[in-house]
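> Dropping the structure in here first, questions after.
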Amino acid sequence: LYIPNVDMDWYRKRTARYLDDPERAEAIKYVEWTVLETQVRMLTPFTPHLSEEVWEMMGGEGFVAFADWPQVDESMVSKDSESIENIVQTSMEDVQKITRVTGINPGKIYFYTADGWKWKIYMNALELAKNNGLDVGSLIRISFKDAEMKVRSKEVAAFARQLVDDTIKLPERELKMRIKMGQLNEVVILQDALSFIEGEYSAEVIIAAESDPWIEDPAKRAARSKPYRPAIYVA
């Protein structure tokens, strides 16, 4: 029951800049109302008196204790969108950690997304993990079947070692979703959230793939990028 509150905090933060648009504001209100109504129904067995009061204030019919238990509406579920939004959220959480530890008030924030060869290794790791066969040796062997990887032998071996533990820890649902979605264009995902990120930090935000020829990488952080975890430099 706590998770919806966390999700709604993020949702309100992401949608705040759209509240001046009447059409979008109405849609945002509908989402918030639907979540609240669902929470009230789910809380009723634990806080019946409070839930009845809130239900009445919301204009609910009859007693909430007799209302139908909430059902999942699959038409409103988008696991792809959840995974994509998670990239934006975790990237911003990483920025917050950096600024908290360093005390930097950012003027510029650099995001560097992983190159295609890293994604190939990552997808291999996901497939091996799905079949409970993921370890460093297996990941390196299967990755070296790709001619491109042999040219990067040292980089591939080092990157494979970085991936194994985190990939094994992925929940099964998330593992299957990432396999289904394949390689993501994280530059586009972050670019779509550019104005939001800049607004949150009042800073210039630069987004690039780690091998972009025009890349600005003053602290040499780009090589640290991973799929679903862009590298970050705050200045």
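> How high is the relative contact order of the stretch 2-77? Use alpha-carbon pairs under 8 Å, at least six apart in sequence, and give a whole percent.
22 percent
> Across the stretch 155-171, in residue order, what do the Karplus-derived ³J(HN,Hα) couplings come to in whole Hz, using 6.51 cos²θ - 1.76 cosθ + 1.60 with θ = phi - 60° and x for Gly and Pro?
5, 4, 4, 5, 5, 4, 5, 5, 7, 4, 4, 5, 5, 4, 7, 4, x
> Could you estimate the translational diffusion coefficient of the chain from the Stokes-Einstein equation, with Rh from the Kirkwood formula over C-alpha pairs, at 10 °C and 1.306 mPa s, in whole µm²/s?
Translational diffusion coefficient: 77 µm²/s.
> Given H placed on each backbone N at 1.01 Å, which residues far from D212 in sequence or on other chains put an amide H within less than 5 Å of it?
It is none; the list stays empty.
> If the cut-off is a Cα-Cα distance under 18 Å, which aspartates and glutamates reach K154, setting aside same-chain residues fewer than 8 apart in sequence?
Of all the aspartates and glutamates, those that pass the test against K154 - Cα under 18 Å, at least 8 places apart if same chain - are D115, D135, D146, E210.
> A follow-up question, please. Greater than 27 Å separation of Cα atoms is the criterion. Which listed pairs, K29/K226; K108/K180; K118/K176; K13/K220; K79/K150, meet it?
In this structure, K29/K226; K108/K180; K13/K220; K79/K150 lie more than 27 Å apart at Cα.
> Would you kindly state how much longer the chain becomes between I179 and V31 on full extension, computed as 0.36 nm times their sequence separation minus their alpha carbon distance, in nm to one decimal?
Length gained between I179 and V31: 50.4 nm.
> Angle between the Cα long axis of helix 79-102 and the longest principal axis of the chain, 0 to 90 degrees, nearest 10?
70 degrees
> In nm, to one decimal, how far is the V77 label point from the V101 one, both placed 7 Å along Cα→Cβ?
Those two pseudo-labels are separated by 3.6 nm.
> Charges on Cβ only, +1 for Lys and Arg, -1 for Asp and Glu, centred on the Cα centroid of the stretch 20-106; of T99, V88, M42, which one is farthest towards the dipole's positive end?
The one lying farthest along the dipole's positive direction is T99.
> Sticking with this one: Principal axis extents for the stretch 2-77, Cα atoms only, whole Å, descending order, please.
Principal extents (Cα only, largest first): 36, 22, 22 Å.
> Give me the Å³ per residue figure for the convex hull around the C-alpha atoms of the stretch 86-215.
Given the Cα convex hull of the stretch 86-215, per-residue volume reads 130 Å³.
> Give me the extension gain from K108 to R141: residue separation times 0.36 nm, minus the current Cα-Cα distance, reported in nm with one decimal.
Fully extending the segment from K108 to R141 adds 7.9 nm.
> At 7 Å along Cα-to-Cβ for each site, give me the label-to-label distance between I206 and L50 in nm.
The answer from the label model is 4.9 nm.
> While we're here: Using only DSSP helix segments of four residues or longer, with each worth -39500 (n - 2.57), what per-residue ellipticity at 222 nm results for the chain after dividing by its residue count and rounding to 500?
Helix contribution divided over all residues of the chain: -18500 deg cm²/dmol.
> Could you list the square roots of 5 times each eigenvalue of the Cα gyration tensor of the stretch 1-137, that is, the equivalent ellipsoid semi-axes, sorted largest first and rounded to whole Å?
Each semi-axis is the square root of five times an eigenvalue, giving 38, 23, 16 Å.
> Moving on. Please compute the length gained on full extension between T90 and T38, using 0.36 nm multiplied by the number of residues separating them and subtracting their Cα-Cα distance.
Residue separation times 0.36 nm, minus the Cα-Cα distance, leaves 16.1 nm.
> Assuming R0 = 22 Å, can you tell me the calculated FRET efficiency for the pair D217 and D20, based on Cβ-Cβ distance, to the nearest 0.05?
For R0 = 22 Å, the calculated efficiency reads 0.05.
> I207's amide H: which non-local residues (gap 5+, or another chain) put their own amide H closer than 5 Å, with H modeled 1.01 Å from N in plane and none for Pro or chain starts?
F111
> Let me ask something else. If you average the C-alpha positions of the stretch 119-155 and of the stretch 157-235 separately, how far apart do those two centres end up, in angstrom?
19 Å
> FRET efficiency for I168 and R224, Cβ-Cβ distance as r, R0 = 22 Å, nearest 0.05?
E(calc), rounded to 0.05, equals 0.60.
> With θ set to phi - 60°, apply the Karplus curve 6.51 cos²θ - 1.76 cosθ + 1.60 along the stretch 4-19 and write out the HN-Hα couplings as whole Hz, x wherever there is a Gly or Pro.
Karplus-based 3J(HN,Hα) across the stretch 4-19 equals x, 5, 5, 4, 6, 4, 5, 4, 5, 5, 6, 9, 4, 6, 9, 5 Hz.
We did not get these values from a lab; they are worked out from the coordinates using the rules stated. The shown structure was predicted, so the numbers you read here are calculated from the model rather than taken from an experiment. Heads up, the Cβs are rebuilt from the backbone with ideal geometry, glycines too, and the neighbour counts pull from every protein chain shown.
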